[in-house]
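The next block holds one structure in the form of structure tokens; read it before the comments.
The values are calculated or read from the model by the stated rules, or taken from the named source; none is laboratory data. As the structure is a computational prediction, the values presented were derived from the model and not from experiment. When we count neighbours, we look across all protein chains shown, and the Cβ atoms used for this are built from the backbone with ideal geometry, even at glycine.
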Amino acid sequence: MSISVAGVLARPKTAVPRPRKRSLPLRWISPVALVLLWQAASSTGVLPPDKLASPLTVVASAGELIADGQLGEAFAVSLGRVFFGFLLGGVVGVVLGLVSGLSRWGETLLDPPVQMLRTLPHLGLIPLFILWFGIGEEPKLALVAAGVAFPLYLNLHAGIRQTDPGLVEAAKVLGYTRVERVVHVVLPSAVPQSLVGLRIALGTAWLSLIVGEQINADAGLGFLINNAREFLRTDIVVVGLVVYALLGLTTDYLVRLLERRVLRWRAR
Amino acid sequence: MASAVSIRGLHKAFGSRVVLDGVDLEIAPGEFVALLGRSGCGKSTLLRILAGLDSDVRGSFSVPGTVSIAFQQPRLLPWRRVWRNVSLGLHGVDGREVARKALDEVRLPDHADAWPLTLSGGEAQRVSLARALVRQPDVLLLDEPFGALDALTRLAMHRLVEDLWEAHRPAVLLVTHDVDEALLLADRIVVLDEGRVVASHFVDLPRPRRRASFVEQRVRVLADLGVDDAQAA
């Protein structure tokens, strides 16, 4: 949960050279080989199913879980937790970031405590959250919110402070008032850094959810996984993990799409 | 006729460092004045004060009309297309047509929808000029606007600025340390040294000027700047 310095104004992340298209199929050789090896180990009994189920079993179990609605239900519950936790943390992070980015007094009063608190590993707050919020939905939402608020705050604040004073001056000479300068110059120039914050925040949100769902979950993906563990159903555990991974990848992809759209002025 | 710019006894200090030490300057409407001086002589500070970017001064100055400025860096908003950067000068008015005309004038008719980061240095500086001119300023302040350009682009920009000035006739105050540039463009050259106006020359030559026509003036202006003409020749 650290602030990323990547993606500051003039350095589009998309400029990182990607592997050439031609080599993409070749890059699949080793992952596919690993899965085949895994299947072979399971089929020959080298890898017992109570340690790790075979890929084919995992796929079959996924099919069953989807068919009987269990996966859909757990998915919806977990998605809801991330959504509301993200909303809560997002509002807090953005409001604090705006206040401390746009006002000197705001920065003087808000920034020191936030900078101190961010050094706490927020996942370590679970014991306190349980004492404060019990073991229901609240600590799970609070954990996600805490994971989201800090990266959003830090990057929004940094983005606002990185505004080129030359651009602000140019607008001032053209007769733009302070509020207009904030709207037309300061906030737009904070967008790239804020999007970096958004991506970090979403990554942290999923991580916080996974950890939070270990707390006495009675629904959701965490419940599905923990329940499966009790019955040594490693296939269901793997299905849950894959769904977590897919969710993280999907939100990351959506932010990338958003970046490509909003930051298209950086494309050359 | 009232002056476009009127400055009397202007003092400005940053802490204990005096930057302007009693500057007097009048600029007539439509007059093209070049402000020459070494680095650190206070010429950019004077311009910033006139543009309203530096306050806390002693003395008085007045700029009754609309002021525009073009800086050494074009200072375009990179997330706005070129024409929207130009219409920024209109302050909220949706002036696509006006912006287009201004872009025609600076000879960038095909770049209205481009992103600023795709422009060359000279092109971006021309957009910056269009943004300054689109609000039809009475006073156009130019803060070494050609300083960051390559020599060939600079020559083209000199001609462009002269044409724009002749078409719109704002009073111009051009800050530069390039004597040839000042002689090529200005009606009057004001030399600033250690925060004071130390010399003022009218350049009474027909336009467009050729370098060969101002050899003698050049020697005199350089002498005011403390440069021996034998070295500069």
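With the requirement that a residue be at the interface with chain A (Cβ under 9 Å from one of its Cβ atoms) and either under 21 Å from B:Asp187 (Cβ atoms) or touching a helix residue (DSSP H, G or I) at 6+ places or on another chain (Cβ under 8 Å) (or both), what does the stretch B:31-65 give you?
If the condition is that a residue be at the interface with chain A (Cβ under 9 Å from one of its Cβ atoms) and either under 21 Å from B:Asp187 (Cβ atoms) or touching a helix residue (DSSP H, G or I) at 6+ places or on another chain (Cβ under 8 Å) (or both), then B:Ala51, B:Gly52, B:Leu53 are the ones that fit.
For the stretch B:92-118: of the residues being in a loop (DSSP other than H, G, I, E, B) and modelled with pLDDT of 90 or more, which is surrounded by the fewest Cβ atoms within 10 Å (Cβ to Cβ)?
My answer is B:Asp113.
So that you can scan it fast, the table gives a plain yes or no per residue for (1) in contact (Cβ under 8 Å) with a residue 40 or more places away in the chain; (2) assigned to a helix (DSSP H, G or I); (3) under 27 Å from B:Arg96 (Cα atoms); (4) not basic (Lys, Arg):
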| position | (1), (2), (3), (4) |
| --- | --- |
| B:Ala130 | yes, yes, yes, yes |
| B:Leu155 | no, yes, no, yes |
| B:Arg159 | yes, yes, yes, no |
| B:Leu173 | yes, no, no, yes |
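Would you mind finding the one in A:Gly240, A:Gly220, A:Gly197, A:Gly203 that is of a type in the set (Gly, Ala, Ser), out of contact with any Cys (no Cβ under 9 Å at 6 or more places or on another chain) and on the phi > 0 side of the Ramachandran plot?
On inspection, the qualifying residue turns out to be A:Gly220.
Restricting attention to the stretch A:51-66, which residues are free of Cβ contacts under 8 Å to residues at least 24 places away in the same chain, of a type in the set (A, V, I, L, M) and farther than 16 Å from A:Leu34 by Cβ?
A:Ile66 - this is the single residue of the stretch A:51-66 that is free of Cβ contacts under 8 Å to residues at least 24 places away in the same chain, of a type in the set (A, V, I, L, M) and farther than 16 Å from A:Leu34 by Cβ.
When you check B:Ser213 against the structure, is it assigned by TED's automatic domain parsing to the domain that holds B:Ser39, at pLDDT 85 or above and surrounded by fewer than 17 Cβ atoms within 10 Å (Cβ to Cβ), yes or no?
So B:Ser213 does not fit the description; no.
Does the stretch B:184-216 hold any residues that are closer than 20 Å to B:Ala171 by Cβ and touching a residue at least 60 places away in the same chain (Cβ under 8 Å), and which are they?
Listed by number, the residues that qualify are B:Leu185, B:Ala186, B:Asp187, B:Arg188, B:Ile189, B:Val190, B:Val191, B:Leu192, B:Val197.
List, please: which pairs have Cβ atoms under 6 Å, are six or more places apart or on different chains, and start with a residue in the stretch A:108-130 that is surrounded by 12 or more Cβ atoms within 10 Å (Cβ to Cβ) and end with one that is β-branched (Val, Ile, Thr)?
A:Leu123/A:Val211
If we scan the stretch B:71-83, do we find a residue that is facing chain A (nearest Cβ under 8 Å), of a type in the set (A, V, I, L, M, F, W, C) and farther than 13 Å from B:Arg131 by Cβ?
yes
Look through the stretch A:95-107, keep the residues that are closer than 13 Å to A:Ala158 by Cα and touching a helix residue (DSSP H, G or I) at 6+ places or on another chain (Cβ under 6 Å), and return whichever of them is surrounded by the most Cβ atoms within 10 Å (Cβ to Cβ).
Selected residue: A:Gly97.
What residue, among those in the stretch A:185-197 that are free of Cβ contacts under 8 Å to residues at least 40 places away in the same chain and either among the hydroxyl-bearing types (Ser, Thr, Tyr) or surrounded by fewer than 20 Cβ atoms within 10 Å (Cβ to Cβ) (or both), is farthest from the other protein chains (Cβ to nearest Cβ)?
A:Leu187
Strands (runs of 3 or more DSSP E) wholly in the stretch B:5-91 with at least 1 residues that are surrounded by fewer than 22 Cβ atoms within 10 Å (Cβ to Cβ) - which ones?
B:5-14, B:17-27, B:58-62
Check B:Arg58, B:Arg80 and return the single one that is closer than 15 Å to A:Ala171 by Cβ and more than 21 Å from the chain's Cα centre (by Cα).
B:Arg80
Tell me which of these B:Gln73 doesn't satisfy, since it passes every other one: (1) over 21 Å from A:Gly166 (Cα atoms); (2) touching a residue at least 60 places away in the same chain (Cβ under 8 Å).
(1)
Can you tell me which residue in the stretch A:142-168 is nearest to B:Ser44 (Cα to Cα), limited to those that are within 13 Å of another protein chain (Cβ to nearest Cβ) and assigned to a helix (DSSP H, G or I)?
In this case the residue turns out to be A:Gly166.
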